[in-house]
Amino acid sequence: MNATQWETLTDFVKWLGREGHCVVDNTEKGWFITWIDRDPETIQRQKQLNAKKKMELDDEERTSRFIQQQVKREAQKTKNAPEKEYTNLRRETEEEKVVFKLPLSVASMPKETTEKLLPPALAKNPLVTNSVKAQTSNSSNSKSQSAKGTSAGSKRKSALDEIMELEEKHKEKKNRKDYWLTEGIVVKVMTRKLGERYHKKKGFVRKVLDHYAAIVKMLDSEDKLKVDQSHLETVIPAIGKLVKVVNGAYRGSEAILVNLNEHKFCCTIRVESGLLKGRTIEDIQYEDISKIYIPP
């Protein structure tokens with residue numbers, strides 16, 4: 001090791017592990033290293049396997065968390081619900097009348113029902129029957145006008161929705177990539193190959209290398225690691241915090257996390273930068289956004 005920058009072979013082995021060139025294990029029998037194959041096909045295959053495992057783990061964790069929240073919510077509702085108190089029907093005075101209000105109007109009743117409800121003398125009176133017919137006609141006209149207005153409004157809304165949908169599809173096709181690493185976002189290390197102390201620990205992307213790898217500075221130890229994006233995942237912050245869209249139609253935009261839908265594994269964000277500032281976007285997948293790193 002005299003002709004190198006490392007004083008011992010152990011330092012060289014540790015450096016290989018930190019840089020991601022090899023998988024390094026320190027056992028009772030000594031140091032063991034395994035070369036990491038950088039063949040594109042191998043990387044792609046490993047990437048697909050990791051994505052599948054991540055999805056399975058995330059589904060289990062989110063489902064469990066969702067069930068726990070539902071149980072807590074129902075328990076809170078039961079605890080805060082006032083107890084029903086049943087009392088006897090009583091009148092304060094003998095002169096007080098018991099009144100029942102029926103929401104059914106005469107205009108909405110069928111003709112046969114109206115004739116049965118009206119006294120015989122009034123049912124035969126042409127003035128009364130004409131008045132009922134006029135009310136029925138006015139009611140049906142107002143309903144048809146309301147239906148027409150609703151139909152026209154829905155057509156206009158549908159046309160606007162169609163234009164927005166086309167715009168979204170164009171942006172999605174243009175900005176959807178197979179790489180998502182971006183400088184300044186918080187990520188989580190999901191591999192044990194770099195050592196147990198880094199597994200599921202958070203760091204921030206300091207520099208992106210060739211789209212698919214990055215120099216990550218760990219938040220707790222401040223160690224710098226070179227990690228492939230297949231060994232990282234995005235971090236979702238608390239509601240109201242800043243996030244960055246790392247993939248999809250709004251790639252590169254900064255936004256505020258508005259809501260989380262754990263049932264659909266997606267969220268709602270409000271864009272805070274660019275020409276679309278203030279726009280609320282729903283159904284954004286968890287892997288398309290990540291927390292923005294804010295120095296302490």
Report task. Would you compute, for the Cα atoms of region 159-272, the largest minus smallest coordinate along each principal axis and list the three values in descending order, in whole Å? Result -> 55, 30, 24
Query raised in the report: When Lys and Arg each count +1 and Asp and Glu each count -1, what net charge do the other residues less than 13 Å away from Ile239, Cβ to Cβ, add up to?
Result: +2
Query raised in the report: Excluding ligands and nucleic acids, what accessible area in Å² is computed for Met55 using a 1.4 Å probe, to the nearest 10?
Result: 120 Å²
Query raised in the report: At what distance in angstrom do the alpha carbon centres of region 7-41 and region 230-296 lie from each other?
Result: 36 Å
Query raised in the report: How about region 29-75: which trypsin sites (Lys or Arg not before Pro) there lie in a loop by DSSP and see at most 14 other Cβ atoms within 10 Å?
Result: Lys29, Arg38
**Report entry** Solvent exposure, largest accessible area first (probe 1.4 Å, DNA, RNA and ligands not counted), of Thr34, Thr234
**Finding:** Thr34, Thr234
Query raised in the report: So how exposed is Met190, as accessible area in Å² (1.4 Å probe, rounded to 10)?
Result: 60 Å²
**Report entry** Burial ranking of peptide ranges 252-258, 287-293 (average Cβ count within 10 Å, highest at the top)
**Finding:** 287-293, 252-258
Requested in this report: Give me the distance in nm between label points sitting 7 Å out from Cα along the Cα-to-Cβ direction at Arg65 and Leu242, one decimal.
Outcome: 2.3 nm
Report task. Over the residues of region 171-210, compute the C-alpha Rg and express it relative to 2.2 N^0.38 Å. Result -> 1.46
Report summary line: If R0 = 35 Å, then Ser273 and Lys224, at their Cβ-Cβ distance, give a FRET efficiency to the nearest 0.05 of 0.80
Query raised in the report: Sequence-distant or interchain residues sharing an amide H contact under 5 Å with Lys201, placed H: which?
Result: Val189
Query raised in the report: Ignoring ligands, DNA and RNA, what percent of the 1.4 Å accessible area of region 236-296 is carbon and sulfur?
Result: 52 percent
**Report entry** Surface per residue (accessible, 1.4 Å probe) for region 161-215, Å²
**Finding:** 66 Å²
Report summary line: For region 255-296, the per residue accessible area (1.4 Å probe, Å²) is 58 Å²
**Report entry** 29 Å Cα-Cα threshold exceeded, pairs from Lys47/Lys202; Lys173/Lys291; Lys29/Lys200; Lys29/Lys217; Lys52/Lys171
**Finding:** Lys29/Lys217
Query - Extension gain (nm, one decimal) between Asp39 and Thr8, 0.36 nm per residue minus Cα-Cα - result: 8.2 nm
Report task. Could you state how much accessible area Glu165 has, in square angstrom rounded to the nearest 10, with a 1.4 Å probe and all protein chains kept in place? Result -> 100 Å²
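The values are calculated or read from the model by the stated rules, or taken from the named source; none is laboratory data. Every value quoted in this text rests on a predicted model; they were computed, and no experiment measured them. Cβ atoms come from the backbone with ideal geometry, glycine included; neighbour counts cover every protein chain shown. Keep in mind that these areas ignore ligands, DNA and RNA; they rest on the heavy atoms of the full protein, side chains included. Shrake-Rupley method; radii C 1.70, N 1.55, O 1.52, S 1.80 Å.
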